[in-house]
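What follows is one structure encoded as structure tokens, with my remarks underneath.
Since every read-out is calculated from the coordinates, none of them should be taken as a lab result. The shown structure was predicted, so the numbers you read here are calculated from the model rather than taken from an experiment. Virtual Cβ from ideal backbone geometry, glycine too; neighbours counted across all protein chains shown.
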Amino acid sequence: MSQRLIAPSILVADFANLQRDVEMLNQSEADYIHIDIMDGRFVPNISFGFPVCQAIHKHAKKPMDFHLMIEHADPYLEECMKVGAQIITVHEETCRHLHRTVSEIRTLGAKAGVAINPHRPVSSLEEILPYVDLILLMSVNPGFSGQKFIETTFEKTRKLKKMVDEINPSIIIEIDGGVNDENARIFFDAGADMLVAGSFVFKSDDPTQTIANLKKA
Ligand code: DX5
Ligand code: ZN
């Protein structure tokens, strides 16, 4: 049974009113605050760094879910912990020694997640599943909010769910990119536990209500 967790992506918040938007999330039914860190190398965009994370952390009453879209994650794991990370997800494509990196994340005291890009097969995760707490399937190409989700992610979610049930059923399956009220239920039914939503939440007229609706999708 899926956990139906919602993690709004702060990337789409109003950065001139960050405290207001974090407080909105605190009051909402959001389960996590999703923090997208981009380096302009692994992805063709730069988001924000640790001073901004610290400012979010200062006001956040919800746990922070870090999604590192950066080439070199290892030197920044401790810094993520200092600014409130409870989940740290690294990209499989960027980590030469992925087992070492996820082990380090757990040693530091966070849940360890592994993300994969749309073109990567879930079979590439088989050997790491026993060692992680979360798998993030990118349902868009990472780097930008506001993109349309890639349809084949439904089937990919079902495949991953099957693998997870066999190898490590405690894993949280997270979907990131283009989530809305039309696809949320399909993702939950396919086996997703946690949905990231940026534009669909923050660009709606009533973000708090939108989060509540996604949870019930
Ligand atoms: C994309 C990021 C996503 C993004 C989601 O690279 O990882 O978390 O902010 O935004 P939407 O929901 O607008 O696709
Ligand atoms: Zn993300």
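Below, the figures for the structure above:
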| read-out | value |
| --- | --- |
| Of 45, 199, 172, farthest towards positive along the dipole that unit charges on Lys, Arg, Asp, Glu beta carbons give the chain | 172 |
| Net charge dipole size for the stretch 1-120 [Lys, Arg +1 and Asp, Glu -1 on Cβ; Debye, nearest 20] | 240 |
| Student exercise, the stretch 118-162 dipole from Lys, Arg, Asp, Glu Cβ charges, in Debye to nearest 20 | 180 |
| Where N is the number of residues in the stretch 44-93, Cα Rg divided by 2.2 N^0.38 Å | 1.12 |
| Trypsin sites (Lys or Arg not before Pro) lying in DSSP loop within the stretch 160-217, provided at most 14 other Cβ fall within 10 Å | 203, 216 |
| Space enclosed by the convex hull of the alpha-carbon atoms of the stretch 59-202, per residue, Å³ | 111 |
| Of the trypsin sites (Lys or Arg not before Pro) in the stretch 88-144, those whose Cβ has at most 12 other Cβ within 10 Å and which sit in DSSP loop | 96 |
| Modelled FRET efficiency - R0 45 Å, residue 126 with residue 50, Cβ distances, 0.05 increments | 0.85 |
| The stretch 131-195, relative contact order in percent, only Cα pairs under 8 angstrom and at least six apart counted | 43 |
| Approximate spin-label separation residue 99-residue 189, in nm, with each point projected 7 Å along Cα-to-Cβ | 3.9 |
| Antiparallel content of DSSP bridges confined to the chain, in %, to 5 | 5 |
| Relative contact order (%) - criterion: Cα under 8 Å, at least six apart; region: the chain | 23 |
| Whole-Å distance, taken between Cα centres, linking the stretch 1-71 and the stretch 81-126 | 17 |
| Theoretical FRET efficiency, 1/(1+(r/R0)^6), r = Cβ-Cβ of residue 26 and residue 147, R0 30 Å, to 0.05 | 0.65 |
| Summed residue charge, Cβ within 11 Å of residue 47's Cβ, Lys/Arg positive, Asp/Glu negative | -2 |
| P(r) tail fraction, the stretch 100-178 - alpha-carbon pairs more than 20 Å apart, % | 32 |
| Distance (nanometres) between label positions extended 7 Å along Cα→Cβ at residue 58 and residue 167 | 4.2 |
| Relative counts (whole %) of C-alpha pair distances in the stretch 1-72, using bins that are 10 Å wide | 20, 50, 25, 5 |
| Residue-averaged 222 nm ellipticity for the chain, from DSSP H runs of 4+ at -39500 (n - 2.57), nearest 500 | -9500 deg cm²/dmol |
| Pairs beyond 30 Å (Cα-Cα), from 111/215; 148/216; 162/203; 62/161; 61/216; 61/156 | 162/203; 61/156 |
| The stretch 45-162, relative contact order in percent, only Cα pairs under 8 angstrom and at least six apart counted | 20 |
| Gyration tensor (alpha-carbon) shape descriptor, the stretch 14-134, a/c threshold 1.5 | prolate |
